[in-house]
1. Would you tally the residues in the range 39-62 being closer than 27 Å to Leu75 by Cα, of a type in the set (Val, Ile, Thr) and either in contact with a Pro (Cβ under 7 Å, 6 or more places away or on another chain) or surrounded by 16 or more Cβ atoms within 10 Å (Cβ to Cβ) (or both)?
2. With respect to Leu28, is the statement that it is of a type outside the set (Gly, Ala, Ser), at pLDDT 95 or above and loosely packed, with under 13 Cβ neighbours inside 10 Å true?
3. Regarding Val52, is this residue part of a helix (DSSP H, G or I) and touching a residue at least 40 places away in the same chain (Cβ under 8 Å)?
4. Kindly indicate whether Ala36 is exposed (fewer than 10 other Cβ atoms within 10 Å of the Cβ) and assigned to a helix (DSSP H, G or I).
5. Just to be sure, is Gly23 loosely packed, with under 14 Cβ neighbours inside 10 Å and either modelled with pLDDT of 95 or more or of a type outside the set (Asp, Glu) (or both)?
Amino acid sequence: MQSNAQPLFRLLLINGLAGALLGIAFVLGILVMDVAHIRTMLAASGEWVVPVGLLTMGSIVTFASVAMGGAIMLLPRDGGDLDRGSRRPAQPSGHLAPARIRARRAR
């Protein structure tokens, strides 16, 4: 008996690792291109491990979260095959409903 949670866990794991690699590549790109003279400032200071570690961990968390969230958003709605995402454009309903809004009084 195979659980439905296993393919979902695998999907999140693969996308999380891909996002983490993108985060590491992002930090390496910042350091190689010396964006905002970050590499120069780190080389001039004696403490470079903590700032690079914080920048790397923050980027890993950010990029992994975006990749995992994107994977979840592309899952099909009907519970079908997990390998295909829903890439259909949103269908407009064609019906506009009026919205009543109260005007604010001047103070």
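1. Residues flagged as closer than 27 Å to Leu75 by Cα, of a type in the set (Val, Ile, Thr) and either in contact with a Pro (Cβ under 7 Å, 6 or more places away or on another chain) or surrounded by 16 or more Cβ atoms within 10 Å (Cβ to Cβ) (or both) within the range 39-62 amount to 1.
2. When the stated conditions are applied, Leu28 passes them.
3. no
4. yes
5. Criteria not met by Gly23.
The values are calculated or read from the model by the stated rules, or taken from the named source; none is laboratory data. In this text, all values refer to a predicted model and were calculated from it rather than measured experimentally. Positions of Cβ are backbone-derived with ideal geometry, glycine not excepted, and every protein chain shown enters the neighbour counts.
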